[in-house]
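Input: a single structure, listed below in structure tokens.
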Amino acid sequence: MKHIHFIVILILLLTPSIASSQEMTAKKLAALITQVSDTISINGNNIQFIYKQRMLICVYDENANRMRIISPITETKDLEEEQLLNMLVANFHSALDVKYALSDEVIWSVFIHPLTELSQNQVLDAIHQVYAASITYGTTYSSTNLIFPGNTKKKENSKLKRIEKIEKID
């Protein structure tokens, strides 16, 4: 009998949290983006919007339960080796939930996450982090004021270090 009471109490305690946790949907995602955007254009599973005078794009696939929020930064033809190294270091230390990525000869700030597991706060935070990473490209390469501890030195003497590493391997 004690076990039944325990199970009933446990169910009652867990029911409100289960009922309050709602899955993120494309409709909710579009509504959140609309709330914070200056302008918005929806075309299928693609939401293009302006956030603080910066273009961002949200692409989602409900069937695959994936979404990404991205912002173009620069074309790779303008990319210098030092910037590439700085982006890689930032991906570990200062970009946090957002990463710098390369696609179609464009450097992007990117947030990728399962769609249904997203909370409203995560969506809003992701928008801000993608924006911040795109505008800090070339300077602090950061998506927030937080920095993951460790070696955050951006510029490295890459050619010399690569040559030394290759010689040690051989």
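Applying 1/(1 + (r/R0)^6) with R0 = 22 Å to the Cβ-Cβ distance of Thr139 and Lys77, what FRET efficiency is obtained, to the nearest 0.05? The formula returns an efficiency of 0.60 here.
Electrostatic bookkeeping for Ile33 treats Lys and Arg as +1 and Asp and Glu as -1; over the other residues with beta carbon under 14 Å from its beta carbon, the sum is +3.
Taking amide H as placed 1.01 Å from N in the peptide plane, Thr74 has its amide H under 5 Å from the amide H of Ile107, each at least 5 places away in sequence or on another chain. Loop-located trypsin sites (Lys or Arg not before Pro) in region 28-106 (DSSP state other than H, G, I, E, B) with a sparse environment of at most 16 neighbouring Cβ atoms within 10 Å: Lys52. Between Ile42 and Gln122, residue separation times 0.36 nm minus the direct Cα-Cα distance comes to 26.7 nm.
Amide H to amide H, with H built 1.01 Å from N, Met24 comes under 5 Å of Glu117, Leu118, counting only residues 5 or more places away or on other chains.
Every number here is computed from the coordinates shown, using simple stated rules; none is lab data. Computed from a predicted model, the values in this text were never measured in an experiment. For neighbour counting, all protein chains shown are included, and Cβ atoms are generated from backbone atoms with ideal geometry for every residue, glycine included.
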